[in-house]
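Each remark here refers to the structure printed beneath this line.
The values are calculated or read from the model by the stated rules, or taken from the named source; none is laboratory data. Please read these numbers as outputs of a predicted model, since none were measured by experiment. Because the Cβ atoms are built from the backbone with ideal geometry, glycine has one as well, and the counts that use them run over all protein chains shown. Quick note on the areas: whole protein, heavy atoms, side chains included, nothing else; ligands and nucleic acids left out. Shrake-Rupley method; radii C 1.70, N 1.55, O 1.52, S 1.80 Å.
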There are 2 protein chains.
Amino acid sequence: MAECCPSKTNGSISAKHTLKKQLNASKLEFIQASIFRPVPEPGSAELWAQNVATDHMVTCRWTVDEGWEDPIIKPFGDLTISPLASCIHYATQCFEGMKIYRGFDGRLRLFRPDRNAKRLAMSAKRVSLPDFDPEQLVELIKALIRVDSKRWLPEPGSFRYIRPALIGTGRQLGVQIPKEATLLITMVCWPDFSSESPPGVQPRSDLRLLTSRNDTIRAWPGGFGYAKVGANYGPSFASHCEAQEAGYDQILWLLGEDGRVTEAGASNFFAVVRDEHTSKPLLLTAPLTDKVILDGVTRRSVLELIENRLADELEVREAKFTITDLEVASQKGLLLEAFVSGTAFFIKDVSTIRVGDRNIDLPKAQQHATRFGPMIKDWLKDIMFGTEDHVWGVIIDE
Amino acid sequence: MAECCPSKTNGSISAKHTLKKQLNASKLEFIQASIFRPVPEPGSAELWAQNVATDHMVTCRWTVDEGWEDPIIKPFGDLTISPLASCIHYATQCFEGMKIYRGFDGRLRLFRPDRNAKRLAMSAKRVSLPDFDPEQLVELIKALIRVDSKRWLPEPGSFRYIRPALIGTGRQLGVQIPKEATLLITMVCWPDFSSESPPGVQPRSDLRLLTSRNDTIRAWPGGFGYAKVGANYGPSFASHCEAQEAGYDQILWLLGEDGRVTEAGASNFFAVVRDEHTSKPLLLTAPLTDKVILDGVTRRSVLELIENRLADELEVREAKFTITDLEVASQKGLLLEAFVSGTAFFIKDVSTIRVGDRNIDLPKAQQHATRFGPMIKDWLKDIMFGTEDHVWGVIIDE
């Protein structure tokens, strides 16, 4: 049989391990771009295309024998990849989504980058990609930001998207753990999904969700729904497209015969219901315990802000709940609001959930003086753009 | 929200669709290699590395606006891929595994290539990649074989591996259906897993399986286990490695609390038990109905051969069965044999299945005059290498 494990193909791996180079941001080399490309206008079609990168990117190669080579910042451009590379056949790939914010004070901030870096290391492990020190990844991200933000992110109150990715680049068609990998960090123009619409599309601040069909499941206990791996995305695009063609924005992913609510599109999902007995509002969100949903950085921040600032007003129930629970609450007038959270879409109110041939319509904003989603969104925005000084907003000196 | 669907981003798609070019093998261009690389020796380490391709490869680009460009045969070499390409972030990728056989009569044969081509089209759909005419894919595969087989596959009774793959190559970080894709066909040196071992490894003709842990499953109903998509592979490598480190060859993937037997590694699994009541042998294999397992070409051929040649001797039960069923049968002395089937590993006998802290040991070959696995393997080999003239062995005129 094919030997898949580095420890089997290389008998002296444990001895060698200590000699292997670790990911080391202090060794970063820099090759300056000679051509600087045009920066898309705010709200432009180029921005909405989500495919315009800044002038540079970080790459770093890893091999099973030598470990991590010295990282490089170089002009953004195509990769050369073998047609036999593991990442294009076997989805040995994982990524992160982060944003870099230009604060209203003119300073650059990342939002809890340590969380993303640790999650990338966790995701890498799930698809047998190499380990690294998350702090070094954060340093590499900062380095890229320092190089490209003056030209690409000058405007206070704006942001760009950061995409770290780790892919298996070795020529390996065997069912084997990657023997080579490449870390990539790119910085990309990204629209503000939470408050804008593409050119020519009627702006709408709310989100309409379509529940997934019984025969299409995003993730499963024992699978890899908790990891940010490519394998969770491609297979979900068809359902996402189906939702959009039916006039909805995202799929609300259900699981199991009882219709457990898990995630919405690529975002975490929250519902606020009034407790029938205590009359107090209760925040429902799927738990991390069975590893079906992503441990979202925004999700975690939402829960921590509630704990710190709304403990008396809003009880959190991080536990399994079903679409029937939401329908029943709605029928009784107890469903107060629903929202999604994620880096790409930030926080966005849900207006409707389509379940089979029925709608769960959420109360409109004006009917409630206080809504938790928008309140938390504002708090987070204040941290991201430096209006509030907070440990989650990590300043990057230019 | 991001518009993910071609039909939404391009209003005139239905009108345009008729103008879109279809995959067309008759338009194939040919760029001859100028350097011819060394061909690995039979049984060499290069062969076992599964990463030596022949001199040429087929590529064909597709775009949502224009459809399929003219395919090209060109020298095998690296691809240039954008760091923002869909396939390296979102696992928009699928592939096939086939073999090209040099018969004992000196002629080249593919084994049921129509099946692989149709399955690639099916897999493509599952990850939102473009459709194509499977017959055109078969023609492209034949064209590559005709170019490279004289040098790379001269020896009667030998084979090479063919890897068609379709990957999403558009620069798209949005959660979107790929707007560009590339079809790749490569021909790769491949060891004979069914009867050989890597250099320096003790030859062993049997397979030792380790059952998957409860917390790690390969595929689930409503997922994509039935499609040959990259997303099924990368996340399984860690378990595969764990099995090898524990002294086993492959994982036997179980599903659910009752431990349903699904697949072994990347192969289909079969067990032969003696029916307690009729005393007749019974072949158990997981069903295709819930789309958890791959509809293997070898699996299907095994079942069809049994239907045609062993109908009176061996009853087939294509239905759910559990690891407990196998344990109980083993304890009663009713478990006669087990084997796996697949293109990469062909057909291989299973000698042991490890379940928790117990072994299910299969009877050794000499204890039974007739074993179905080896018999069917011989029949298939005869078809593949032209010893038997059969419609499944598709001759390629050079």
Worksheet item: Rounded to a whole number of µm²/s, how large is the Stokes-Einstein D of region A:31-165 at 20 °C and 1.002 mPa s, given Rh as the Kirkwood radius over C-alpha pairs?
Response: 131
Worksheet item: Using the alpha-carbon atoms, what tilt in degrees (0 to 90, nearest 10) does helix B:372-384 show relative to the longest principal axis of chain B?
Response: 30
Discussion item. Suppose the Debye formula is applied to equal point scatterers at every Cα of region A:261-359; what is log10 I(q)/I(0) at q = 0.14, 0.21 Å⁻¹?
Written reply: -0.51, -1.17
Practice prompt. Enter the per residue convex hull volume of region B:145-247, computed from alpha-carbon coordinates, in Å³ rounded to the nearest integer.
Written response: 199
Discussion item. Applying a 10 Å radius around every beta-carbon, put B:261-268, B:32-39 in order of their mean neighbour count, most first.
Written reply: B:261-268, B:32-39
Item to complete: Calculate how steeply helix B:134-152 sits against the longest principal axis of the alpha-carbon atoms of chain B, using the helix alpha-carbon long axis, and give the answer as 0 to 90 degrees to the nearest 10.
Response: 80
Discussion item. Placing the label point 7 Å from Cα along the Cα-to-Cβ direction, what are the distances from A:Val316 to the equivalent spots in the other copies, shortest first, in nm to one decimal?
Written reply: 5.4
Worksheet entry | Average partner coverage of B:122-132, which counts Cβ from other chains inside 10 Å | 2
Fill in: Local electrostatic count at B:Leu380 - Lys and Arg +1, Asp and Glu -1, tallied over other residues with Cβ under 15 Å
+3
Worksheet, complete the sentence: From the cross-link list B:Lys280/B:Lys332; A:Lys118/B:Lys179; B:Lys27/B:Lys125; A:Lys125/A:Lys179; A:Lys348/A:Lys381, the entries with a Cα-Cα span beyond 20 Å are A:Lys118/B:Lys179; B:Lys27/B:Lys125
Practice prompt. Send over a whole-number figure in Å² for the accessible area per residue of chain A, probe 1.4 Å.
Written response: 39
Item to complete: Could you size up the charge dipole of region B:126-229 around its Cα centre, putting +1 on the beta carbon of Lys and Arg and -1 on that of Asp and Glu, and report it in debye to the nearest 20?
Response: 220
Item to complete: With only Lys, Arg, Asp and Glu charged, each at its Cβ (+1 for the first two, -1 for the last two), find how big the charge dipole of region A:56-118 is about the Cα centre; round to the nearest 20 debye.
Response: 540
Worksheet item: Suppose every K and R has +1 on its Cβ and every D and E has -1 on its Cβ; what is the size of the dipole of chain B about the Cα centre, in Debye to the nearest 20?
Response: 660
Worksheet item: Per the Cauchy relation, a quarter of the hull surface: what is the mean projected area of the convex hull of the alpha carbons in chain A, in nm²?
Response: 21.5
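Give me the orientation-averaged projected area of the Cα convex hull of the protein assembly as shown, in nm², one decimal. Mind showing how you got there, number by number?
Values: hull surface 144.2 nm².
Mean shadow area of the hull around the Cα atoms is 36.0 nm².
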Worksheet item: What is the P(r) of region B:311-356, as percent of Cα-Cα pairs per 5 Å bin from 0?
Response: 5, 14, 21, 27, 22, 8, 1, 0
Worksheet item: In whole Å, what are the Cα extents of region B:24-85 along the three principal axes, biggest one first?
Response: 46, 30, 18
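Ignoring ligands, DNA and RNA and using a 1.4 Å probe, state the total buried accessible area between A and B in Å², rounded to the nearest 100. All intermediate terms of the calculation are to be shown ahead of the outcome.
Numbers: alone 18850 and 18830 Å², together 31080 Å².
By this definition, chains A and B bury close to 6600 Å².
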Worksheet item: Can you give me the Cα centroid spacing of region A:31-58 and region A:251-325 in angstrom?
Response: 36
Fill in: Phi-based couplings in Hz for region A:27-44 (Karplus 6.51, -1.76, 1.60; Gly and Pro marked x)
8, 4, 9, 9, 10, 6, 5, 9, 10, 10, 8, x, 8, x, 6, x, x, 7
Discussion item. How large is log10 of I(q)/I(0) for region B:187-319 at q = 0.21 Å⁻¹ when the intensity is taken from the Debye formula with one equal scatterer per alpha-carbon?
Written reply: -1.37
Worksheet item: Which residue, chosen from A:Leu207, B:Ser194, A:Cys60, occupies the Cα position most advanced towards the positive end of the dipole of the protein assembly as shown, where the dipole is computed from +1 (Lys, Arg) and -1 (Asp, Glu) charges on Cβ about the Cα centre?
Response: A:Cys60
Item to complete: Report, in degrees rounded to the nearest 10, the 0 to 90 angle that the Cα long axis of helix B:113-126 makes with the longest principal axis of chain B.
Response: 70
Fill in: aspartates and glutamates whose Cα lies under 17 Å from that of B:Lys228, excluding same-chain neighbours fewer than 8 positions away
B:Glu96, B:Asp114, B:Asp131, B:Glu263, B:Asp290, B:Asp295
Response to the item:
Within 10 Å of the Cβ of an average residue in B:213-222, the count of other chain Cβ atoms is 4
